[in-house]
Every structure is written in C-alpha cells, then in structure tokens.
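Novice: I'd like to ask some things about the structure below.
Quick note: the coordinates plus some simple rules give every number you see, no bench work behind them. Quantities reported herein were computed from a predicted structural model and do not represent experimental measurements. Neighbour counts are summed over all protein chains in view; Cβ atoms, including those assigned to glycine, are modelled from backbone coordinates with ideal geometry.
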Amino acid sequence: YCYAVLAGPEYTSRFAEELATSSPRIPITTDVSLFRQGVELGRRLIWLHTYGERFVPENDQSGNVPTGRARAVRPVPVTAEGYPNDFHWDEATETLHVGEGTFAPVSRKVWEFEVSGLRPVKSWLGYRMREPSGRKSSPLDDIRPREWPAEFTEELLELLWVLEHTVNMSADLSTFFETVIQGDVLAAEDLPMPTEDQRKAPEI
C-alpha cells in the first residue's frame, strides 16, 4: 500500500513543499476495498521493480520480467570494435540508438522516466559505455569487458520493459492516489502507539 502511494508522481508534486522539510507521510484510507486496491497496485509495482523476484503473481511463476513492446531491432555488435561510446534517443521514430544498435519503440515517457532526478535508462547506459560516466570509487571500476556482452542487450531490454509497464500503470496510480486523499483517512491519533519492544531494531 505504501509503495503504491509513494510511486506515483502526484505524491511528490502535491507534497513537494512538505517533503522539503519533513519525511514522507502516508495517508491511510479508511476504505477497506480502496486499501486492498492499493495493496494490489503496490504488489505489481514491487514485482516489476524487483525484476520478477518479489510478489510473483500466482498465474506467473516464471520469475521473468513481463515482455514489453521494445525490441532490439539491431542488437549492439558483440565485438571490441562495436563497443558503443555514445547513445541517443530519436523522438520521430521512438528509437533508442546505442552505438550501432537500435531499440524500438521507446516512448518519450520511458526515455525521460526519472526517480528522484535520476533517469534510469540514461544512467544505465552511461555506466556501460566504453568510456563510462559517473564516479569511480575504486580501481575495480576500471575492470570492464572489452566488448559489449550479449547480456547487456538483454538487461537493457528488461529495463525498458519494466519502465514501460510502470508508465502504463500511471493512470491507475493517479486515480488511486486522488481517491485516497479525497476520502477519509486515519488521523495519527487513531493509530496505536508502538510499545518499547516494537521500537527496538531487529536483532541480526
């Protein structure tokens, strides 16, 4: 339920001022059926965002990311010469160019999708270019493949699919969030205070 509330862009846009000075606070609906709807939305999101490892639907035990529209129209060459060092997105054709490789269709919403200012597609690709972007934390960062592994193409497709499905859930998440905040929610004093034992950090 919490994940469904926090995942939509409306939460941060509506409470941007409060979030600048306070921690996130969750409006908990008193409507049981609406709460359950949020739980199901959150379960699906977590399933997507853990690449099929958590909250796997009963009708899908494959453990795989659900397929989306994007395809590797022209896979990135698995050669040292073909290792890409640039990428860009073409709006007219909805094509993501990665060196000599192309992936399509990739919508603007997928390409520009961001989480707290980070754009997953751009960040993922930047770290995997021949001359990677981003910070280096140790000499181990210099240990890299000499040619683009075929696994990278599969991983990129899975990332695009996860974002596709996430974007497709935006309307449902927005409707759910608006219904929650327009309805009755629990006040802080309605919730029981945790005991001292419940406040303790779990033992490792």
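Novice: Quote to one decimal, in nm, the extra length available between Ala171 and Asp90 on full extension: 0.36 nm per residue of separation minus the C-alpha distance between them.
Specialist: Stretched out fully, the Ala171 to Asp90 stretch lengthens by 26.6 nm.
Novice: Still on this structure: For the chain, take the longest principal axis of its alpha carbons; what is the angle in degrees between that and the long axis of helix 170-182, to the nearest 10 within 0 to 90?
Specialist: 20
Novice: Most fluctuating residue of Met169, Met193, Met129 in a GNM of the chain with Cα springs under 10 Å: which is it?
Specialist: It is Met193.
Novice: A further question on this structure: Using 11 Å as the cut-off for backbone N distance, which residues of segment 166-201 belong to the label zone defined by a point 7 Å from the Cα of Ser22 along Cα→Cβ?
Specialist: So the set is 188.
Novice: Kindly provide the trypsin sites (Lys or Arg not before Pro) of segment 77-154 that DSSP labels as loop, not H, G, I, E or B, and whose Cβ sees at most 13 other Cβ atoms within 10 Å. It would help to have the intermediate numbers written out before the result.
Specialist: Details: sites: Arg108, Lys109, Lys122, Arg128, Arg130, Arg135, Lys136, Arg146; in loops: Arg130, Arg135, Lys136, Arg146.
Counting only loop positions with at most 13 other Cβ atoms within 10 Å, the trypsin sites (Lys or Arg not before Pro) in segment 77-154 are Arg135, Lys136, Arg146.
Novice: Under Stokes-Einstein, with the Kirkwood radius over Cα pairs standing in for Rh, what whole-number D in µm²/s applies to segment 145-203 at 20 °C and 1.002 mPa s? Spell out each step's value before the answer.
Specialist: Values: Rh = 16.6 Å.
Using the Kirkwood radius from Cα pairs, D works out to 129 µm²/s.
Novice: When the chain is modelled as a GNM with alpha-carbon springs shorter than 10 Å, which of Gly82, Gly42, Gly117 fluctuates the most?
Specialist: Gly117
Novice: Here's something else I'd like to know. Work out how much length Glu114 to Thr195 would gain on full extension: take 0.36 nm times their residue separation and subtract the Cα-Cα distance, in nm to one decimal.
Specialist: Values: separation 81, 0.36 × 81 = 29.16 nm, distance 3.83 nm.
Residue separation times 0.36 nm, minus the Cα-Cα distance, leaves 25.3 nm.
Novice: Taking the Cα centre of each part, how many Å lie between segment 144-196 and segment 89-130?
Specialist: 19
Novice: Still on this structure, I have one more. With a cap of 11 neighbouring Cβ atoms within 10 Å, and only residues DSSP puts in a loop, list the trypsin sites (Lys or Arg not before Pro) found in segment 38-106.
Specialist: Values: sites: Arg43, Arg44, Arg54, Arg69, Arg71; in loops: Arg54, Arg69.
Of the trypsin sites (Lys or Arg not before Pro), the ones in loops of segment 38-106 whose Cβ has at most 11 other Cβ atoms within 10 Å are Arg54.
Novice: For the peptides 180-186, 12-18, what is the packing order when you average, over each peptide's residues, the other Cβ atoms within 10 Å and list the highest mean first? Don't skip to the end; give the middle numbers.
Specialist: Numbers: 180-186: 13.7, 12-18: 11.1.
Those peptides, ordered most packed to least, come out 180-186, 12-18.
Novice: Just one of (1) 19.8; (2) 19.0; (3) 17.4 is Kirkwood radius over Cα pairs in Å calculated from these coordinates, so which is it?
Specialist: Only one listed value fits the structure, namely (1).
Novice: Going by alpha carbons, how many degrees (0 to 90, nearest 10) lie between the helix axis of 32-49 and the longest principal axis of the chain?
Specialist: So the helix axis and the longest Cα principal axis differ by about 20 degrees.
Novice: How about segment 87-183: which GluC sites (Glu not before Pro) there are in a DSSP loop, with at most 16 other Cβ atoms within 10 Å of their Cβ?
Specialist: On the way: sites: Glu91, Glu94, Glu100, Glu112, Glu114, Glu147, Glu151, Glu154, Glu155, Glu158, Glu164, Glu178; in loops: Glu91, Glu94, Glu100, Glu112, Glu114, Glu147.
Loop-located and lightly packed - Glu91, Glu100, Glu112, Glu114, Glu147.
Novice: Here's something else I'd like to know. Quick check: pseudo-label points 7 Å beyond the Cα along Cα→Cβ at Thr67 and Arg135, how many nm apart are they?
Specialist: It works out to 4.1 nm between the two label points.
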